[in-house]
Structures are given as structure tokens and as C-alpha cells.
Amino acid sequence: MHSYVRPNTHIALRLPSGQLKIVEIAPNTNINLGKYGTFSSNQILGRPYYLTFELLDKDDGKSSPELRVVPASELHAEALGSDYAPPAEATDESVPAEGATGFDIVGEDGEVIMRNNRLTVDDPSRQTLSMEEIEELKKAGAGSGKDIIARIMASHMGIEEKTQFSLAKYTLRKSRKYMKRFTVLPLDIGMLTEYVTEKEAYKIMELREETLGLICSWANVHCASSSRILTAEDGVSQIGGGRWLVVDDTGGLVTAAMAEKMGILYPPTEEEMEGSEEAEEAATEAAPQEATLTTNVPTETTETVESNGTQDVMVADTEAGAASTTQNPPAETSEPRPSTRKPRQHIPQMSAQANTLTVLHPNNQPNISHLKYFGFDTGNPVPTHPLYTHLKSVSWLQLLHPEEDPSYIEPETLTDDALANLKSSKRGNYYKKRRRWEKTKRVVDETRAGGFDGLVIATGMETKTILKEVIPLVRGGGKIVVYSPNAEPLVELCDYYSKDRRAAYIAREFGPQQNGTSKKMKTEPEDDEDDEGTNSTENGDDDDDFPVNPTLLLAPSVQTARARHWQVLPQRTHPFMTSRGGAEGYLFTATRVLPVEGKVEARGHGRGKKRKVGPDAAVPS
Amino acid sequence: MTPQPSPFFDPGAQSVAGSLGVLQLKRDHLIPAILSASSDSDYAEGHVENTRFGSYPHSTLLNQPWGTQVLASVVDTGSRSSKSKKRKRDEGDEGENGGDAPTAKAGQSKSEVVKAERSRSEVVKAATASSGFAHLVPPTPETWTLCLPHRTQVVYTPDYSYILQRLRVRPGDHIIEAGAGSGSFTHASVRAVFNGYPWESNADEETTAKKRESKREGHVYSYEYHAPRAEQLQKEIASHGLDSLVTVTNRDVYGDGFCLDSEDEPNADVIFLDLPAPWQALKHLTRSPPSPAVLNAVSDASADASDTPQPTSKPFRSPLNPKSTTRICTFSPCIEQVTKTVSALRSLGWLEIGMSEIQAKRLEVRRERVGLQEEGLRGANPTAATVQEAVQRLRDVEDRAKAFHGLQKVKQDQVMRRAEAKKRGEKTAAATSETNGKSGAAKAKLDALPPSKHDRLERAKRDLERRALFKEGRLVHRTEPEIKTHTSYLVFAILPREWSREDEDKARKKWG
Ligand SMILES: C[S@@+](CC[C@H](N)C(=O)[O-])C[C@H]1O[C@@H](n2cnc3c(N)ncnc32)[C@H](O)[C@@H]1O
């Protein structure tokens, strides 16, 4: 995790209003916070995250304002009121603070003893400073917002009537409006979730942080970069290896949250881990060079291709790049940070075998645009980003009917002679086509072979149609998680895996053979019904009754979790009075299992001995 | 020999001996077992997991693809008595060392298992029982949390998921955890920080030499002052193949803090405190020595008076990674604990302080069947489903009553007539035949009537056999019968990197 602001990354700025602003921070640019002011990106680059800065107006009114780091003690003092100001820390000296602990105004009125709220009059007219005057004050640049607040407070006639309690509240309320402050925050999953939720929650299916955490837990998402590459019993397909299937209608938020847990979301930050100042220095100095290097990659690669023939080499996914001409060139959007300065190895896209995410998508390209905040532009992926090799995508058409997808069909092969006669540009094209096909074929084939460790779904699609196709691709013991904003779709899903339905399904599958030999149906009423079903109806009806194979999942459950947030202030601790409504957000979870083939299940259930007799006898051993 | 990967991260295609497997009997009923092929056991079948849902010899669980549905076996549980007594005693001895952790099954050390495997005698092949099954699933922090031997309160999935998410715990992070308790959170957090084993990067020098320099392996530093608990956790961690990733330390963190012998440990990025008095541990979690004023503010008079650190000659060492933003979460059931913790956090300069609680619940999904067809059946509501059904039923009852009264009348008439006839001294035979005829007709009339209650119940039972209950009724959901309405309050905070004047000057020089 980055602990300080780096150039060409996305960061979040929290404004006094509580609003978040996302900025892709480039050196030597101005960052405009609207009414709060403007400052230069250089003033926060290289500084630690989570610091709060105050914009100090310059007397000349021309150059960009100074930034002052607001020390923790000051922030806390304001929140608490003077009575509870924590002692200034020893470490404060190191911070360019200006000595002030807490608000002047609160300080001055600190002596005011607790008074009754009853006498306070909440009347806007009692504030003698008019809005215009406040604006004037601001324009005049009379110092920071703190001064303005002090003046407003001073001019507030009823100020002495206020109790300490409401004064603290009042201070806070005013500061929201007039304080020229911002806090620099790293743009990570939590921050992005908060940001999107405030603006367009529907775009992430109203997912909350707690739900994301729960999804990743139940799907057992973890870093599997050291997992073994194992072959399943069939001797061909891979089993395990830390590979997850994803159906993601949240613009990639779910994918990103999983990638974060797998250690493949952020571009590598070796220097930071290395820790030495010099390394950091070197890295930042190298940045501009790096950028040019990236732009060079395509040409470089093409040359390699031509000289090495069919070597498995990828250009930074040129076809995808062409599809998104509106995207910025890589040098600008990405944060290239290769660990070595040497020309990089050419690794095919989507080629990782372990620790991977495979996104199943309904359109030609997956919509995972939120990944751009983490330096990964799907239209123009940077080969140094871990997602370049670890994130794969397969369309539903490719998964179910690969032969109908043109990119799956092998392009013609040319003999070496024919190749030699081609113009170099044509030859380049030829290889490009073959490589694209090889990639598609590899990814589609390996996906169809299954053996995935888990499946995570967050979609508006009919989930049963997805599970029907995809559950068989999950390995035994693999985890299934389906998110839905509403309970109903998951309740329905649970019902498709209900005990009764499973019993009926098994009876249908394996029942008929027994019917001739015994009279078990007495205790297995479903048998009869299903005989009728199998005899009289088409597949269609069966599909209605059994849209999925109910024997493939163990312990299907629906759950929900919600975080309730509190205000914690001395003598004023309570849950926040209001919060977001909307979707509650539910999870369906289950484990993929391998049912005993061809046998009717038997159980020594605690539901009474009587019931046991029938089904038990039906177990062929 | 290179160590085996942990079954928590890479279980392989199938279960193997000496490794943890989980037998899942019901949603919340799971049994952990270090699978063993040895015959060193009370049973002829070797090691056996006995459950309410049947017996499962390890021989039937070994080398099975994960997720396999395993049928129960017939195991003679009676004849083991002599052997088991001895066994019991052995276990008892062990248990003394293990203190308050009687269920040590999953915690058996590897060497124990290996030793057991060496014994020669053959394991008897188990016969499949006529009933009972379970599923063999690989362990995950979620399954482990459901079946771990409880020694303390534990942190459950909804809480730890949110905590780890909100703390932004990532592969490669170092996390401090205190107290370790039963190790539920330990397992969840090691999954979150895991990014490879230390022995891996040591193995192939050539290729990873470069990488190793830069790659920092995720690690959990776990502290527990209750010695038997610490010991027990250490055993479990080892038998789960996690010992190279988790360092369990038996220590009182209030007094002695978190620093370990090695300079670069714990070097923590993240902290989780599940302790009765987290504020007493906070003074050890600073980047620089806290001032006396701050220490004063942080220590609470009564409990802390004695262990306010004396000015020692020991040079200050921070347990925190100076290069990262430190994130912390404390987990306390009571609001008073929260108040104290938060106030200490403020004094020590932590930022972004917030408190939340997680409210989680599971839903029960079922089909609710209502209607007269359910009469006498279990698990359904046998009242009329509609007004029409109700009216029909009332009519039926009336009709039957009418017919019944009619019949009664006929009978009465008969009796009367017979009595009269007797009085008159007439022959009874004719009367009888006459009555028969009449009552027969009445009976026929009754048959055409709506069925009696008895008949209805019979019919409902018969009908049941041809009904598809799995799709009848209304699909409903509701909160599970028992919910945890409160687990604990979660206090979160952040400590940014230290930022000095020099740092600022440097940054200014670099960025202008
Ligand atoms: C509630 S339990 C922790 C449970 C654990 N988080 C889990 O999920 O299994 C609290 C533990 O903290 C330990 N503890 C209490 N005070 C301690 C201290 N000062 N230093 C170390 N451990 C302490 C207790 O012995 C107890 O085992």
C-alpha cells in the first residue's frame, strides 16, 4: 500500500463538506478545490497520506497559497471542544504547526460553564455578520477559514448563551462551510466504494464495504501466487491454483476488491518496500523516462516478433487498444513502474496460471472500468501491471459456443516461404492475428476446462442461468458467492437448492430403477410426481422444476451484514442519527460438492427414526 | 524436504494424510480432522470420526477429491472399550499440558501423526453403512471458525471480514494481533496477508534473488498472555502448515509491548486488538516515544498506575513499520471500553477515528403452504387458503350435518316403529329387512356427500404422495431464529507516516 502520494496515481481529497474529490495527480499541475481554493500538486506530492492540509491565503493574493499540515491534536481539539483537548504530543514539534491548539473561539469561551440549552435561541437573524460580509471577508483573504469562523462567532449575539455542548456543534457546522482544508487519502477499495456510493450507487449495485469484505471471505479469495499448478483427474484440465470466476456488473469494483486480496490490484511498488531513500529518489526520477519507454513498447515488440517468428509474444493488446481510441495514450493514463530499467520481458497477456481472475461478460468486452483508478486501463493495459497477466476475460458466447466467436477461429497459417514474401507490415499483421487467436483460444479453453477455486457473482442477470452453466466449472470444495442488492433473487436461488427439491431431483434421476423392485415411494412421495414428470413432459418442464442441478451445492445460505456507524465524543456517544437507506445487500453462499454418483442419498438424520427406514433401504451399496 | 503448502491456501486436488480436512455434516456442523492413514487407533478401521450422522474412518476420507460426498461406514464402536480406556488416559495426560483446551484433535502436532503413520498393522477396510453421509471440504478460515476448539470468545466471519476489509489488509502486510485467544482471527488474518512462504523464496536462489530483496512476506504476529492458549494455538498453527507465517508470542502486551528480538519484527502495518483494555496496549504502538503528558493522559489511574513505564535505559523501538500508514482496529463489547480507547487514540495522535458495529444475520428460506389440503400434514397451515375455500368447507360441513340429521331421523323412526311393532306383537324380521333397505339408501346418500374428517385426513395423506411439495406454497424468507444482536464495537483509526520538518524540506526540494 502506498503510504505517500505518488505522481500519476489517483488520490482522493476529502473536503470540509465531507465530500470526496478524486484527482489523478500529475506533477506541476494545479488542483482546484472550487470555493476552497487552488493549490499546486507539487505541494502534496511525496507527502504522506491521511494528512490534513489547510490552505493559507497569501498576502499578495497571486501566488498559490501555502499549505499547512494541521496536526492531529488540533483536529481533535476542534472535534471535542476545549474541555477535552488532548495534550499536545511530543511529536508535534516536528510538524509545521502554528502553535494553535483548538479553535480560538472555543478557547475564549472555554470558561463558559455548562448552561442550559433552554436559553439558546436558534434564530439566523442573531448572526450579525451578513452573508455578503462573510463573502467579503473571504475575498479579502483574511487568513484561513478559522478566522472567518472566529469572526462569525464573535458577532453572534447569542454566543454567550450557548452551552459548551452546542458551541462545539456550532463550531463544527460552521467549519464545514468555511474551513479551507482538505485531507489527502489513498484511493483504495474502501475509498472508491464510498466515492461511487455517494454519486452513483447503482453503478456498483449499492455494494457496501462490509459486503465486499464478506464476499471475499466467503469466496476464500486470497493471494495464490505460490499455489501449485495441478492437473485434475482427467489429466488435462487444471484444478485449483487460486483461480476465481467472476460475473461483475459493478463496473469492476468486485473484481478490484478480489484483486486487492490477491495482491494483483496495485502496480508494483518495490522501492517502497525496499525503503531506502535513494531507491525512492531513483524511482521518482526515473518516472519521466519510464513514460517514454512505455510508448516505445509496441514498436519494440513488433520487431521482436518479426525476428523471432511465432514466439509467444504479445503487444500491449493492440486490438483492444484500437477498440478504444478515446482512451489516452498509455504514457498519460498509466503509472509505469517496472522494477528494472532493462527492456521488459514480453509476457503474453492473460497468461498467468495461478492467482487469476476470469471475468465472464455479456458484451464483447468486460465492463471493468473502475480498474482505471488502479492504473489498469482495460482498453490499453500496461504489461507491467499484475492484472495484465492475471486478469482474463471470456464472453458468454465464447464460453458456451466458442466456435461461433470469430476470434476463436484459427486464422490461416502461412508457410515460412509465404511469410518471407510478405511485406513487413503484413507480416506483422499476420502475427498479431495469430497471437490474438492464441490468447483467445488459450483463455477460452482453460476456462471451459474448469477446476476453478471459486465463483463470485454480482449481476442483474438471472443467476440460475449462470449457475447452471458455471457451477460445473468450479472444483469440488470450491466456493460460490452471489451478491444481490435485494433478497428475493437469492431467496429464489436458495429454493432451487432446497432439500425437498434436491430429494425430488435425486428421485427423478435415480428413482425409476427402484420403482420396479420396491415400494419405497410410500416414504418418498416425490417419486410419483417425478415419474409423471419424466413420462409426460418435455425437458422444458423439468427445467422449470430443476433449473440447476441441486445436488452440486452444499449448505446454500443467504445472509446480510450492515455496519452501523457511531459518533464517539465524550458524553456524546451514539449511533449516527441518519444513514443511507436503499438496498440492504445480500449474499448467497455455498460450497461446490461432488455428490455420490448414481446413488440415492441416505441420512441418519435427527428427524426421527421412522423416516429413516425408507430412504435408507434405497441405498445401493 | 520442502514443507507442504498449507491446506488453507492450496489444498491440492484431494485430501492427503497429515493434513487438515473438514467433515461437513450440516451447515454449521463441521468436524476438523488431521487425516491419518495409520492404524494406531482404537478401531480396527484406523482413525475414525464418530458423529451423530455416522462414523467416518479416515481411510474413507483420505485421497478423496475435495468436496466428495462420503458415505458413513459401519464401525464397531462397542469393542473398542479396552483400547479406548488406555487412550483416554493418554489424552488426559496431554490435556493437562493443554490446560483448558480439551478438544485438541485438530491441534495434534504433525510429528505425532507421522509417528502414528509408521506403525505397521493394517487398517481394516470399512464397510459402508446403510445410512449417513457427510462432505469432505478443504479448510478455510470460515469453516475453521465454525469448528475450532473454543477456548475464548472468537471473532466471527461478518466481523473479521469487515475488519480486514476496512483495515485494508493486503498480501505482504505485517499484522499484530492480540490476544490470540482461540485463533479465529489469526486464521482470517493470515489469509489476508499471505503472499508466499518464506521457505519458498529461499529455495530457488537464482530466479528470486532479485525478487526476494523487494518482496516482503506477509506475516501475523500474534500475542497471548495465557500460556496454555498460546501453546495450543502454536500447535494448531503448525498442524495447519501456517507456522512459517504466524509468530505466536506468549506475552502480556499491556506491560511488555510488541517488539520482538529481531530488529525488523513485527514492523507492523496493521493492528488488531481483541483485549479487555486495548487502551493499555496503545502506548506501545507509537512511532516515537510518547511524552509524559500524553502517557499520563492515556493511562487510567487505577489499573495503570503501577506499570507506567519507568524511564528506562532501553532505547526506544517502534513496533510499527515506519514506511507505511498504520491502521488499527480494537474490538470491545462495551461502550465504556470504546470511550477509553478512543480518548487514548486521540491523545496519541491517531486520525480518522471511527466506531462501527456489524449487524449480521442469516435468512431462513422456506415454502409456506396454506390450505385445506394440508389438513393433518406436518409443517403446513391447514386453514382455508381463500374465502372460497372457507365457504366451501362450511357448506360441506352443513351438508353433512343435514344428511346426518336425516339419517338420524330415519334411525329414530325405525326404532320407534320397531318399538311400536313390538308393542303390537308383530314379527320383527320384516321390519329388519325393511330397515336395512332404508338405511342402505341413506348410506348411499352419505357417500355422495362431502367426505368426513377422517376421510379427508386419509385423502390428504394419500395425495401427499403425488404432490411436489418442493414447489408448492409461497416462497418466503425470514431472519434465522437466533441472531447475534451485538458482538462488539469496532474502533478504527489511522496513524500516518511520520512527517518531520526535514521530510517536508526534502519534499519541497524534490517537487518544487
Ligand atoms: C476474546 S479473546 C481473543 C479471541 C480471538 N480474537 C479469536 O478470534 O479467537 C481475548 C484474549 O486476549 C488475551 N489477553 C488478555 N489480556 C492480554 C494481555 N495483556 N496480553 C496478551 N493477551 C491478553 C486473553 O487471554 C484472551 O485469550
A 32 angstrom limit on the alpha carbon distance is what I want to check against. Which of A:261/A:468; A:392/A:426; A:464/B:235; A:203/B:361; A:199/B:471; B:283/B:510 exceed it?
A:464/B:235; A:199/B:471; B:283/B:510
Net charge of Cβ neighbours under 14 Å - reference residue B:14; Lys, Arg +1; Asp, Glu -1:
-1
In whole angstrom, how far apart do the alpha carbon centroids of the range B:3-42 and the range A:561-595 sit?
34 Å
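Between B and A, buried accessible area summed over both sides at probe 1.4 Å, in Å² to the nearest 100?
9800 Å²
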So, in nm, how far is label residue A:237 from label residue B:391 when the simple model puts each one 7 Å beyond its Cα toward the Cβ?
5.8 nm
Compare the peptides A:355-368, B:12-25 by average per-residue count of other Cβ atoms within 10 angstrom and give them in order, highest first.
B:12-25, A:355-368
Using amide H atoms built 1.01 Å from N in the peptide plane, name the residues 5+ places from residue B:64, or on other chains, whose amide H lies under 5 Å from its own.
B:15
Sequence-distant residues sharing a close amide H with residue B:70 (under 5 Å, placed H):
B:134, B:135, B:136
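Let me have the relative contact order for the range B:329-406, percent, based on Cα pairs under 8 Å that are six or more residues apart.
13 percent
The values are calculated or read from the model by the stated rules, or taken from the named source; none is laboratory data. What you see is a predicted model; the values in this text were computed from it and never measured. Cβ atoms come from the backbone with ideal geometry, glycine included; neighbour counts cover every protein chain shown. Note: areas computed on protein heavy atoms with side chains; ligands, DNA, RNA excluded. Shrake-Rupley method; radii C 1.70, N 1.55, O 1.52, S 1.80 Å.
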